Every structure is written in C-alpha cells, then in structure tokens.
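Note sheet for the following structure.
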Amino acid sequence: MRRSRIFILLAIILLLGAAAVYLFLGRGGGGTSPEGEATPVPVDVVFVAIAAQDISRGARIPEDGVIMSRMNANLVVETMISGQDEEGIRSRIVDRIARQDIARGVPLTEAMLTETSGDLLAGGSNAALAIPAGYTAIAVPVDRLSGIAYAMQDGDIVDILISLLLVDIDPDFQTILPNQTTPLFGSGGTAEFPAGFITGGVLTAEVSEDVNIPPLPFGKVETDEITGQPFHIIPQESQRPRAVTQRLVEAAVVLHVGTFQLEGELEGEVIPVPEGGVGAPAPVDQVQQAPTVEPPDIITLIVTPQEALALNWAMKVGADLTFTLRAPNDTEVTETTSVTLQYMLDTYEITIPTKLPYGLEPRLENLITPELPNDNSPAPPQQ
C-alpha cells in the first residue's frame, strides 16, 4: 500500500511539471504566436490610380473614370500615379485629358494625361507606330498596270523598278545635241555649203587658211572613201532618246494601299432611312445599287531616307515607276543589271532584222498594244 502511494505521488509531480513547461513555452517563453507562426513584418502600402473604364484619346477623365488600388510600395513603378493620399491622387487625374486610348484596368501615368488638347499631337498617328526607327514613309502614285493589278495589300513586300529615257546633251548649254553652229569668217577665199536655216538652203562664207571647210550650222562632215570628196550630213530628225530600266528600291514594306482615312471621316456609305421610318418599304422608283469601290491611285511605302530621296526625285522628273510583289518575309538582297537595248540584244540573243526587199503593208511604225476589254467596256446603264 505504501509503495503504491509513492508511485501515485510521482505521477502527479510529473504531470504538473509537464503542464508548467507547456504553459511556459506556449505563452511567452518562445516568442511565437499561439498558433506557432512567426509574427508578420509590416509592409508599406500605397494607393495606385487605375482606369475604371475605357477612355478614348482626347476625352476628359470623369470622376468615376479612375479608382484607387492598394499595392505594395516595392511593386509600384516610378511612372505610376501613386501616393498615400487617395483624394490627392484623384484630384491630380480627374478632368484632365487623355493623350492616348486608355484601356480599363491599366495603371495611369503622367505621360498618359495632359492639361490641354494641344498636347494630343504628342501621341502621333497610328501609321507612325508601324515605321521602324531609322526608316520613313513616302507616298507613290500607282495605277492598275504599275500597281500589280491592285494585288498589293498592307504589309506586303515590294520592289520598285524605274525606267528612264536618256539623250546626249551639250555639257555647257545643257541642250540636246547636235548644236547649231555659225561659220567663222577669215581669209582664204569663199565656200558654199548647205544651210537648212536659210531660205534657199545655201550659205556663202569665207574660208580660213588653215581650214578648208568652215564650221557647219548643223550635222557633221564625212569624206567619201572612193572619191575623197567631203560632204555634209544633216540628220532628218531630232536625237532619239535611249531607254534604260533598273531596280530602284528593294524589299520595301507597304504601309497602306490607298488614301488614309481622315480623322472624323466615316467608313463606308451612309444608308438612307426610308420615308416612314425603319422597316417601311422603299419607294418603287428607288433601286438599291451596290456601292462602287474606287481603285487605289496611291500607295505608302516604308523605305530608308535615301530611298525616299530617290523616289521623290523619280516622281519629280516624271520617271516611270513599276512595282513588283515579293513573297512574305522575303528580304534577300540580290544584284541586278541595268537593262538597255544592247543588254536585250546580247543577253536574249535577239537578231537584228535583215533589210529585205519586201515589207509589211500597211506600214508599221509603232508596236500595236493589245486593248484590255475591262479598259474599254461601257459603263453599266443607270436603272
């Protein structure tokens, strides 16, 4: 009996000790929360202005167009409109003008807002956003033939060919050769030679001692190989220009085909409302016709500044420009050779026609260009 009492007392002492240790560790001895978790470290929180609705470029920010969102200070970007004073932030935004289109949920920055509508020019056009740095855009006229039958679309890659007509000119006068000349008088006798600019066609002039024949007014002097007699050659027509074609611009990007839509201009045509309101039958004499689509007469290209200068020069001198279409993403640089009459004859082995004792009738002086039916088809009758 006595021994069992001793065991009971020892068990009670052990239980009381365990309870004391538990209370000591759980309520203040370990520095942890009752749940055993570490005490959280406080974090700075600021207000960030957020667009509460879609805001159009040029519109004023309404009172309900902005909301405040709490965000950790270490996550806030310097450009965001933020701070500790919620009302102070709101007063900096409300009634200001949006420089650009602002989507709902986007954090607002000072660069998005302005005080006056004149600053909207800083936003620029949508077309300018598609031009890479170091490039520029230029507009070039096109028609159905030069514009690849209107196959070009925005984003296509094209080459531009240029064709010119060249003539020989006097470097001093910058006039077409040959020049008109006037004889110089000197001692040594006189001579007669043809002169087309004088009535009768003969001009008498004195001949110098050193020169047997004076300068002629036009043409050139050649000597007959058999008789040795000099004679005067006068051309029967003016100088013929010589044609040349070469690639001017390579791998230019089409920014837009046609004329850009002006700000405020409505797309498409306005459909008139019939008399009597929507749903009322249209008058009998009113026939609905499909809207006509005008073909583009201009194209805007993204080119280098030097290519823009070359295109501007070509347009100002009236050079012929032709577009060729390339495959998507094809920007490979290739070498080309200028094409002239001599190049065509040599490269493609074109035979020069032999002078025959017979020819075509009627006389053919110009190549016949085929007529395209679509170019000469009559306009549809008006109903």
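The values are calculated or read from the model by the stated rules, or taken from the named source; none is laboratory data. Treat the numbers as computed from the prediction; the structure is a model and nothing was measured. Cβ atoms come from the backbone with ideal geometry, glycine included; neighbour counts cover every protein chain shown.
Do we find a residue being in contact with a Lys or Arg (Cβ under 9 Å, 6 or more places away or on another chain) and under 25 Å from A149 (Cβ atoms) anywhere in region 311-327? Scanning region 311-327 turns up at least one residue that is in contact with a Lys or Arg (Cβ under 9 Å, 6 or more places away or on another chain) and under 25 Å from A149 (Cβ atoms). When I160 is tested against the conditions (1) outside the structural domain of P305 (by TED's automatic domain parsing); (2) within 30 Å of L255 (Cβ to Cβ); (3) in contact (Cβ under 8 Å) with a residue 40 or more places away in the chain, the lone failure is (1). If you go through region 131-142 and keep only what is out of contact with any strand residue (DSSP E or B) (no Cβ under 6 Å at 6 or more places or on another chain) and modelled with pLDDT under 95, you end up with P132, A133, G134. Give T347, T304 a once-over and let me know the one that is of a type in the set (S, T, N, Q) and surrounded by 11 or more Cβ atoms within 10 Å (Cβ to Cβ). Checking each option against the conditions leaves just T304. Can you tell me which residue in region 232-247 is nearest to the chain's Cα centre (by Cα), limited to those that are outside any loop (DSSP other than H, G, I, E, B) and surrounded by 13 or more Cβ atoms within 10 Å (Cβ to Cβ)? That would be R247.
Give me the pairs: first residue in region 341-363 and among the acidic types (D, E), second residue exposed (fewer than 10 other Cβ atoms within 10 Å of the Cβ), beta-carbon distance under 8 Å, and six or more apart or on different chains, which are they? Hits for this filter: zero, empty list.
Here R104 clears all of (1) within 28 Å of the chain's Cα centre (by Cα); (2) not assigned by TED's automatic domain parsing to the domain that holds S338 except the condition numbered (1). Selection of first residues in region 315-331 that are in the same structural domain as S163 (by TED's automatic domain parsing) and of second residues that are of a type in the set (D, E), restricted to Cβ pairs under 8 Å at least 6 apart or on distinct chains, gives the following pairs, ordered by first then second residue: F323/D159; T324/D159; L325/D156; R326/D156; R326/D159; P328/D156. Just to be sure, is D170 exposed (fewer than 14 other Cβ atoms within 10 Å of the Cβ) and modelled with pLDDT of 50 or more? Yes, satisfied. Checking the stated criteria, G65 turns out to be over 30 Å from P296 (Cβ atoms) and surrounded by 15 or more Cβ atoms within 10 Å (Cβ to Cβ).
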